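In what follows, a single structure is set out as C-alpha cells and then discussed.
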Amino acid sequence: MTLQRSGSGSDLAASLAKVTTAEEREVLNEEAFQRMIAIERKRTERSRKPFLLMLLDAGTQQTAENYGKALKGIVPALLSSTRETDVIGWYKDRATVGVIFTGLLADDKSSILTTILTRVSTTLRDKLTFEQFNHVSISFHFFPDDWDHDLSGRPSNPALYPDLSSRDHGRRSLLGIKRLMDIVGSLLILIICTPLFLAIALAIKLTSKGPALFRQQRVGQYGRCFTFLKFRSMHMNNDPSVHKEYVIKLIAGDAERKPSNGKGEGVYKLTNDRRTTRVGKFLRRTSLDELPQLLNVLEGTMSLVGPRPPIPYEVAAYETWHRRRVLEVKPGITGSWQVNGRSRVKFDEMVRLDLQYARSWSLWTDINILMRTPRAVLKGHGAY
C-alpha cells in the first residue's frame with residue numbers, strides 16, 4: 001500500500017497531478033518556513049500522520065551565474081509539481097528550497113519517495129539546463145524520524161529542527177549568562193562540598209566493592225549522548241532489566257505507585273530495590289548521589305537547571321511528543337519536576353513540566369528553581 005493523502009481515496013501520484021499555477025501559491029521566507037516545520041512536527045505528534053521534508057540545493061560549486069539561474073528555475077518547478085496543500089519555502093534564504101508534504105498515511109516510505117522524486121526530477125529537467133540539473137542535490141527527511149540510539153551519536157535528524165538552533169541564536173546573550181551561572185555556581189558548590197565529596201567516596205569504598213563514581217550514557221540536548229556522573233548507590237554488576245522494565249511501563253502510563261518511606265502517597269519509582277547498597281539508600285534519599293553531576297555542568301553537557309537526562313532505552317520507549325524534552329533545552333541537576341512533583345507525578349506530567357520550562361525559560365525561572373531546590377531536597381518528597 002502506498003502513502004496517500006489523508007481523507008482521500010486517490011493515490012499520491014494522482015494528487016500530485018492536481019497542482020495549481022505559480023501565481024496562486026506563496027513561497028515562504030526562511031523564518032516562516034522554519035516556523036511551519038515546527039508547527040507540522042506538533043501536528044504530527046497529535047495526529048500520528050507523518051510529513052515529509054524535501055530539501056533542494058542548487059549546488060554552490062557552480063558559477064555564480066548558473067547558481068542564480070538554477071535557483072530561479074527550482075522554485076517554479078516545485079510550484080508546478082506539488083500539491084496546493086504542500087508548503088514551499090526557503091529552508092536557507094536564497095540557498096536551499098524546501099517542501100513540506102503533509103497529510104500522508106505512512107505504509108511504504110519508498111513508494112512516496114519514488115513518486116515525489118520522479119515528479120520533481122521530470123519537472124526540473126524541463127526548467128534547468130543539463131549542467132544545472134546535475135548540480136542539484138535533493139534530500140528527504142521523514143518526521144517522525146528514526147532515532148538510532150547509537151551511543152556514539154545523536155538520535156535526532158538536525159534537518160527537521162532548524163527552528164531550535166535559530167531560537168538559541170536569538171537568545172545567545174541570555175544563554176551566555178546562564179552558562180556563566182552554571183560555571184560559577186558549580187565551582188562554588190564543588191569547593192564548599194569538597195570534604196563532603198571525600199567522605200561520601202570513602203563511605204562507598206568501605207561498604208561495597210567498586211568505584212565511588214558511577215558512569216552511564218545519557219541523552220542530552222539535541223539527542224547527543226554524554227557520560228553522566230553520580231555517586232554509586234548500587235552493587236556492581238547488577239541487572240538493569242528490572243529498571244528498564246519498570247521505566248517502560250512508567251512511560252506507557254502502566255506503572256503503579258510504589259510505597260515511599262511510609263508516607264502513604266507513594267512514588268512512581270522503584271522502591272525496596274535489592275540492587276541498592278546501604279549507603280546508596282541514604283545518598284538517594286538525601287539526593288547526595290547527584291553531586292558529581294556538578295562536573296557535568298562544568299564541562300557543559302548539563303546545566304544547574306533543566307530536565308533530567310534520560311537513559312537511551314528510556315528514549316527508545318518515548319512517544320513522539322516526549323522527545324521534545326531532550327531536544328529543546330540542556331538537561332539539568334534540578335528543574336521544574338524536582339521542585340513541583342518529583343516522582344509523585346506520572347511520566348506525562350513530568351514531560352509537560354519540562355516542556356513548560358522550555359517554553360517559558362528565563363534567568364529568573366532558573367534562579368527561582370535553584371532557590372526552591374534546597375527545601376524540596378530537605379522535605380524529601382518523591383525521593384527514595
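What's the extension gain from Arg35 to Asn237 if we count 0.36 nm per residue and subtract their Cα-Cα distance?
Details: separation 202, 0.36 × 202 = 72.72 nm, distance 4.70 nm.
Stretched fully, the Arg35-Asn237 segment lengthens by 68.0 nm.
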Hz values of 3J(HN,Hα) by residue in the stretch 227-238 - Karplus curve (6.51, -1.76, 1.60), Gly and Pro given as x: 8, 9, 10, 8, 6, 5, 10, 10, 5, 6, 6, 7
FRET efficiency for Glu319 and Ala95, using Cβ-Cβ distance with R0 set to 35 Å, rounded to 0.05: 0.55
Solvent-accessible area of Arg125 with every protein chain in place, 1.4 Å probe, in Å² to the nearest 10: 140
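Which peptide among 244-252, 32-40 comes first, and what is the full order, when sorted by highest mean count of other Cβ atoms within 10 Å? It would help to have the intermediate numbers written out before the result.
On the way: 244-252: 16.7, 32-40: 18.7.
Averaged packing, sorted descending, gives the order 32-40, 244-252.
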Distribution of pairwise C-alpha distances over the stretch 284-349, 5 Å bins, in %: 4, 15, 24, 27, 20, 9, 1
Percent RCO, i.e. relative contact order, over the stretch 175-250, from Cα pairs under 8 Å lying at least 6 residues apart: 20
Mean-position separation - Cα centroids, the stretch 183-251 and the stretch 65-140, in angstrom: 49
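Keeping every protein chain in place, order His135, His322, His235 by accessible area at 1.4 Å, biggest value first, i.e. largest first.
Most to least solvent-accessible, the answer reads His235, His135, His322.
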Cα gyration tensor, the stretch 151-245 - rounded (a/c under 1.5), prolate or oblate: oblate
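So if each residue of separation counts as 0.36 nm, and I subtract the Cα-Cα distance between Glu256 and Ser165, what length gain in nm does that give? Please report the intermediate quantities before stating the final value.
Working: separation 91, 0.36 × 91 = 32.76 nm, distance 3.81 nm.
Net length gain for the segment: 28.9 nm.
The values are calculated or read from the model by the stated rules, or taken from the named source; none is laboratory data. Fair warning: this is a prediction, and the values are worked out from it, not measured in the lab. Cβ sites come from the backbone with ideal geometry, for glycine too, and all protein chains shown count toward neighbours. All accessible areas refer to the heavy atoms of the entire protein, side chains included, with ligands and DNA or RNA removed. Shrake-Rupley method; radii C 1.70, N 1.55, O 1.52, S 1.80 Å.
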